[in-house]
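Quick notes on the structure that follows.
The values are calculated or read from the model by the stated rules, or taken from the named source; none is laboratory data. These figures come from a predicted structure and were not determined experimentally. Quick reminder, even Gly has a Cβ in these numbers, built from the backbone with ideal geometry, and neighbours come from all protein chains shown.
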Amino acid sequence: MNNDRSKNTIVTTDDPRRLSPIEAAIMDWCNLAHAARTRGDQDALAEISSELNTLIRKYDETDGDGHANPAWARPNQRALALSARGKIEEAVEVEMIAAKYADTDRRKEVSFGNIADRLVRLDRAEEAIEWFLKAWDAAPASVPVMMTGARAFFDAGHSDDANEVFAALGNLEDLLEPGTDLYSYLRFDDSLLDMAPHLPALDALYRKLASSMHDAEGEK
């Protein structure tokens with residue numbers, strides 16, 4: 001089991017065009033914070049934290065940089081910055097404030113999914129499952145949400161449930177195409193490797209991916 005998944009987290013968005021200028025800057029600085037923490041560079045992290053604090057202050061002062069729902073957006077961005085700096089407990093508490101104001105399925109997916117992911121990283125898997133189910137209800141086709149749920153189930157000792165999540169993904173052949181979320185997870189998320197020997201459906205996904213990559217190479 002990966003006991004420090006917080007070091008492996010990066011901040012992404014499914015559509016960069018949705019981000020305001022301040023949100024885009026926060027995302028970039030959060031990724032720099034994750035990178036600094038991964039390499040143990042405390043001096044860099046302190047400088048990055050200062051920049052993030054400035055950006056969050058500007059975001060608050062502009063009431064979410066023009067966001068349509070600042071009551072949700074402001075704590076959501078603050079939680080993002082806290083998580084990037086390694087303050088996971090605080091990030092969960094702040095994201096729970098955002099979750100109260102999540103008024104669309106997309107915002108529910110983001111907040112509920114973020115809470116679930118951070119609870120997994122805090123080794124609070126049973127709590128994470130509750131938030132995963134809320135996120136899955138809001139976004140039943142979201143691969144990132146399903147990945148968080150599978151990990152939560154696995155860490156909580158519910159291997160059959162984790163396997164069912166991957167089995168559901170295995171029925172969607174197009175999700176293994178290069179550039180898709182599932183393809184990226186299987187290729188680049190090493191935290192899945194410790195689950196594969198215990199989950200036949202995940203092992204089958206890896207085999208499908210290897211076969212499709214082999215076929216693609218043969219067509220060249």
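Quick notes on this one:
- Candidates Asp174, Asp160, Asp155, Asp190: the one that is charged (D, E, K, R), at pLDDT 95 or above and surrounded by fewer than 14 Cβ atoms within 10 Å (Cβ to Cβ) is Asp160.
- Cβ-Cβ contacts under 7 Å between residues 6 or more apart (or on different chains), taken from a first residue in the stretch 203-220 that is within 15 Å of Tyr183 (Cβ to Cβ) and modelled with pLDDT of 90 or more to a second residue that is in a helix (DSSP H, G or I) and aromatic (Phe, Trp, Tyr), are listed as Leu205/Phe166.
- Close contacts from the stretch 105-126, counting a first residue that is surrounded by 24 or more Cβ atoms within 10 Å (Cβ to Cβ) and a second that is modelled with pLDDT of 95 or more and of a type in the set (Phe, Trp, Tyr), with Cβ to Cβ under 6 Å and a gap of 6+ residues or different chains, come to Phe112/Trp131; Ile115/Trp131; Ala116/Trp131; Ala116/Phe132.
- Test: residue in the stretch 63-84 that is of a type in the set (Phe, Trp, Tyr) and within 24 Å of Ala150 (Cα to Cα): no
So that you can scan it fast, the table gives a plain yes or no per residue for (1) in contact with a Cys (Cβ under 9 Å, 6 or more places away or on another chain); (2) of a type in the set (Val, Ile, Thr); (3) in a loop (DSSP other than H, G, I, E, B):
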| position | (1), (2), (3) |
| --- | --- |
| Arg57 | no, no, no |
| Asp65 | no, no, yes |
| Trp72 | no, no, no |
| Glu89 | no, no, no |
| Ile97 | no, yes, no |
| Lys108 | no, no, no |
| Ile115 | no, yes, no |
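- The stretch 171-200 residues that are in contact (Cβ under 8 Å) with a residue 40 or more places away in the chain, paired with ones that are surrounded by 17 or more Cβ atoms within 10 Å (Cβ to Cβ) and of a type in the set (D, E, K, R) (beta carbon under 8 Å, 6 or more apart): Ser191/Arg5; Ser191/Arg151; Met195/Arg151
- Single residue of the stretch 148-197 satisfying the filter (of a type in the set (D, E, K, R) and part of a loop (DSSP other than H, G, I, E, B)) that is nearest to Ser211 (Cα to Cα): Glu177
- Verdict on Ala141 being under 20 Å from Asn114 (Cβ atoms) and surrounded by fewer than 13 Cβ atoms within 10 Å (Cβ to Cβ): yes
- Filtered residues of the stretch 117-140 (kept if part of a helix (DSSP H, G or I) and more than 20 Å from Leu169 (Cβ to Cβ)): Arg118, Leu119, Arg121, Glu126, Glu127, Glu130
- Cβ-Cβ distances below 9 Å connect the following pairs, each with a first residue in the stretch 77-104 that is at positive phi, a second residue that is surrounded by fewer than 17 Cβ atoms within 10 Å (Cβ to Cβ) and part of a helix (DSSP H, G or I), and a separation of six or more residues or different chains: Gly86/Lys7.
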